[in-house]
Amino acid sequence: MITKTTRASLIDSVLQEQSLCKVIAYLQSVTGRSVIITDRLGKVYANSPDVKIESPDDLYLQIPFQSRKRFYYQAADNTLYYYTGFTDKDACILLVGAEEDRIKDWKKHLEKVSLAVKTYILLVKETEKAKNQFTSKLIEDILVRNVCNIKDLIKQYNFYSFDLNKLYYVAIMEPEPIPENKLKVLHAHTQDWLKHNNLDIICSIWNKRFIVFVCPTHFDQQTLEADLGWEKHLSNIRRHQKDILNFFNISTSFGIGRKYPLHELHRSYQEAMIALNISKLTGKKHFVAHFLDLGLFSLINFQDIKLLKRFCFNLFGELLQHDRANKWELMSALRALFNTNFNVNEAAQEVYVHPNTLRYRIKKIEELTGMKLERMEEKINLFVAVNLYELLRVNGLLDNASDDDSSAAPA
């Protein structure tokens, strides 16, 4: 007979042991089936010993969406799903290898453990939320606010083992556009992937769009000296990128900055963002781009923004004024020409105009800039200026209305 004592003892075990072990044991004993407990998004938080968890992918299951039904039986794999509720803080209990005609027998047992499971998931979610906020604040202090007294910062965030004698670098992952809850699952999977691969890297969701990584340098196991090469790091990033695509079917791009001591790590963040944006602006997709691979653009000094603006506006300021009144047709034409290596027919298809219309726009560009685009030197200067202008724009560095009114400019 199941009594109130059973329910209370399971809740006590969750509160005291911070574990679902007794819940799993109880359900296995009364049902004789394998048990898995996940959150509403499918992340596994507990499972019976016979359920194999061999990789981070095994910790994330596809849970059938149910809006109001507590029980759902999936005949294809003989799995019974029991939902403790219908919010993000609720859970799902799976009985694997279940028979549909036994649901009535097991219903009361699942309902008895429901409150204990909900309590555990609530506690874990609050802990995860606090840790993620903690990590996000740490990354903001180091990378954006550029806190000067790095020693005090390390003491404040002693949860992580930073080393003042190590070099670190920043990598930024940008997935294809996905809902916020999917980004949270991707972030959780990434944390599990890093742990599974024994990588001492911290990561955080950034601006509800990116995942930012703070990565330490590796050490040569024989000499114990810092490995200044990038082969191991790039190999890990590409492997992670491939695993995400295979498991979630989500394409990602990565920008990577150079290695710096902690007090200069904000520079690596800026470089990683530049690598990400420049690669996108030059037409690349699903890439891993290092700042040092940007060629000419890696020489840009972003400390003197006014000088960079002046370079852009001196070359095509009149063109921008024209385009503000003409739906950015010339900037779109330039971007298409650069993307197609100045193949007029292909560029015309890209901007959906007749080749003769594009030729007219090329003449207009030459007229407004005073350049001849058949000259390689002037073509290179314009290519650099256009990409630099777009880079300044997407990084929010064209914030002076008198200099720029390009909120509608094509990216």
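The values are calculated or read from the model by the stated rules, or taken from the named source; none is laboratory data. These figures come from a predicted structure and were not determined experimentally. Note that each Cβ is placed from the backbone with ideal geometry, even for glycine, and that neighbours are counted across all protein chains shown.
Before we move on, is S298 of a type in the set (G, A, S) and surrounded by fewer than 19 Cβ atoms within 10 Å (Cβ to Cβ)? Before the answer, list the steps.
On the way: of a type in the set (G, A, S): yes; surrounded by fewer than 19 Cβ atoms within 10 Å (Cβ to Cβ): yes.
So S298 fits the description; yes.
Of the residues L95, L41, which single one is surrounded by 15 or more Cβ atoms within 10 Å (Cβ to Cβ) and under 30 Å from Q241 (Cβ atoms)? Walk me through it before giving the result.
Values: L95 fails: under 30 Å from Q241 (Cβ atoms).
Result: L41 is the single residue among L95, L41 that is surrounded by 15 or more Cβ atoms within 10 Å (Cβ to Cβ) and under 30 Å from Q241 (Cβ atoms).
Within segment 277-295, restricting attention to residues that are out of contact with any Asp or Glu (no Cβ under 6 Å at 6 or more places or on another chain) and in a helix (DSSP H, G or I), which residue is farthest from W193 (Cα to Cα)? Don't jump to the end; show me each part of the working.
First, pick out the residues of segment 277-295 that are out of contact with any Asp or Glu (no Cβ under 6 Å at 6 or more places or on another chain): 277-280, 282-290, 292-295.
Going one step further and asking which of them are in a helix (DSSP H, G or I), we end up with 277-280, 292-295.
Working: N277: 26, I278: 28, S279: 26, K280: 26, L292: 27, D293: 27, L294: 29, G295: 32 Å.
Out of the qualifying residues, it is G295.
Which residues, taken from segment 20-35, are under 36 Å from the mean Cα position of the chain (by Cα), under 16 Å from C92 (Cα atoms) and not β-branched (V, I, T)? Quick ask: steps written out before the conclusion?
If we filter segment 20-35 for residues that are under 36 Å from the mean Cα position of the chain (by Cα), which is where we start, we get 20-24, 34-35.
Within this subset, residues satisfying the condition of being under 16 Å from C92 (Cα atoms) are 20-21, 23-24, 34-35.
Residues satisfying the conditions are L20, C21, S34.
Output the number of residues of segment 233-264 satisfying the condition of being farther than 25 Å from K184 by Cα and part of a helix (DSSP H, G or I).
Let us first name the residues in segment 233-264 that are farther than 25 Å from K184 by Cα, namely 258-264.
From what's left, part of a helix (DSSP H, G or I): 262-264.
Total satisfying the criteria: 3.
If F342 satisfies all but one of (1) outside any helix (DSSP H, G or I); (2) under 20 Å from R375 (Cα atoms); (3) in contact with a Gly (Cβ under 9 Å, 6 or more places away or on another chain), what's the number of the condition it fails?
Single failed check for F342: (3).
Only residues that are part of a strand (DSSP E or B) and within 23 Å of E126 (Cβ to Cβ): list them for segment 83-98, please. Steps first, please.
Going through segment 83-98, the residues part of a strand (DSSP E or B) turn out to be 83, 91-96.
Within segment 83-98, Y83, A91, C92, I93 meet the criteria.
Could you check K259 against (1) within 30 Å of D163 (Cα to Cα); (2) touching a Gly at 6+ places or on another chain (Cβ under 8 Å) and say which number it fails?
(2)
If you take the residues in segment 240-270 that are charged (D, E, K, R) and over 15 Å from the mean Cα position of the chain (by Cα), which one is surrounded by the most Cβ atoms within 10 Å (Cβ to Cβ)?
Of the residues in segment 240-270, the ones charged (D, E, K, R) are 242-243, 258-259, 264, 267.
With the extra rule that they be over 15 Å from the mean Cα position of the chain (by Cα), the set shrinks to 258-259, 264, 267.
On the way: R258: 18, K259: 20, E264: 15, R267: 17.
Restricting to residues being charged (D, E, K, R) and over 15 Å from the mean Cα position of the chain (by Cα), the top hit is K259.
Could you list all residues from segment 55-89 that are within 25 Å of the chain's Cα centre (by Cα), charged (D, E, K, R) and at pLDDT below 90?
Within segment 55-89, D88, K89 qualify.
For segment 305-324, which positions are of a type outside the set (F, W, Y) and either under 16 Å from R361 (Cβ atoms) or free of Cβ contacts under 8 Å to residues at least 40 places away in the same chain (or both)?
To start, the set of residues in segment 305-324 that are of a type outside the set (F, W, Y) comprises 305-310, 312, 314-315, 317-324.
Those that are of a type outside the set (F, W, Y) and either under 16 Å from R361 (Cβ atoms) or free of Cβ contacts under 8 Å to residues at least 40 places away in the same chain (or both): K306, L307, R310, N314, G317, E318, L319, L320, Q321, H322, D323, R324.
Consider only pairs whose beta carbons are under 7 Å apart and that are at least six residues apart or on different chains; among these, list those whose first residue lies in segment 266-287 and is of a type in the set (F, W, Y) and whose second residue is crowded, with 22+ Cβ neighbours inside 10 Å and not in a helix (DSSP H, G or I).
Cβ pairs passing all conditions: Y269/V170; Y269/G257.
Quick one: is F291 in the same structural domain as M173 (by TED's automatic domain parsing), touching a Gly at 6+ places or on another chain (Cβ under 8 Å) and within 30 Å of R239 (Cβ to Cβ)? I'd like the intermediate steps shown before the answer.
On the way: in the same structural domain as M173 (by TED's automatic domain parsing): yes; touching a Gly at 6+ places or on another chain (Cβ under 8 Å): yes; within 30 Å of R239 (Cβ to Cβ): yes.
Answer is yes for this residue.
Return the pairs, sorted by first residue and then second, in which the second residue is part of a helix (DSSP H, G or I), the first residue lies in segment 129-141 and is farther than 13 Å from H187 by Cα, the beta carbons are less than 7 Å apart, and the residues are 6+ apart or on different chains.
Pairs that qualify, where the first residue is farther than 13 Å from H187 by Cα and the partner is part of a helix (DSSP H, G or I), are D141/L153.
Regarding segment 121-129, can at least one residue be identified that is of a type outside the set (V, I, T) and touching a strand residue (DSSP E or B) at 6+ places or on another chain (Cβ under 7 Å)?
Narrowing segment 121-129 to residues of a type outside the set (V, I, T): 122-123, 125-126, 128-129.
Still in the list and also touching a strand residue (DSSP E or B) at 6+ places or on another chain (Cβ under 7 Å): none.
Within segment 121-129, not a single residue is of a type outside the set (V, I, T) and touching a strand residue (DSSP E or B) at 6+ places or on another chain (Cβ under 7 Å).
Take the residues of segment 329-355 that are of a type in the set (S, T, Y) and crowded, with 16+ Cβ neighbours inside 10 Å: which is modelled with the lowest pLDDT? Steps first, please.
At the first step, the residues of segment 329-355 found to be of a type in the set (S, T, Y) are 332, 340, 352.
Next, only the ones that are crowded, with 16+ Cβ neighbours inside 10 Å stay: 332, 340.
On the way: S332: 91, T340: 87.
Looking at residues that are of a type in the set (S, T, Y) and crowded, with 16+ Cβ neighbours inside 10 Å, I get T340.
Across segment 356-390, which residue is modelled with the highest pLDDT among those that are under 23 Å from G295 (Cβ atoms) and not in a helix (DSSP H, G or I)?
Step by step, filter segment 356-390, then rank; the result is M371.
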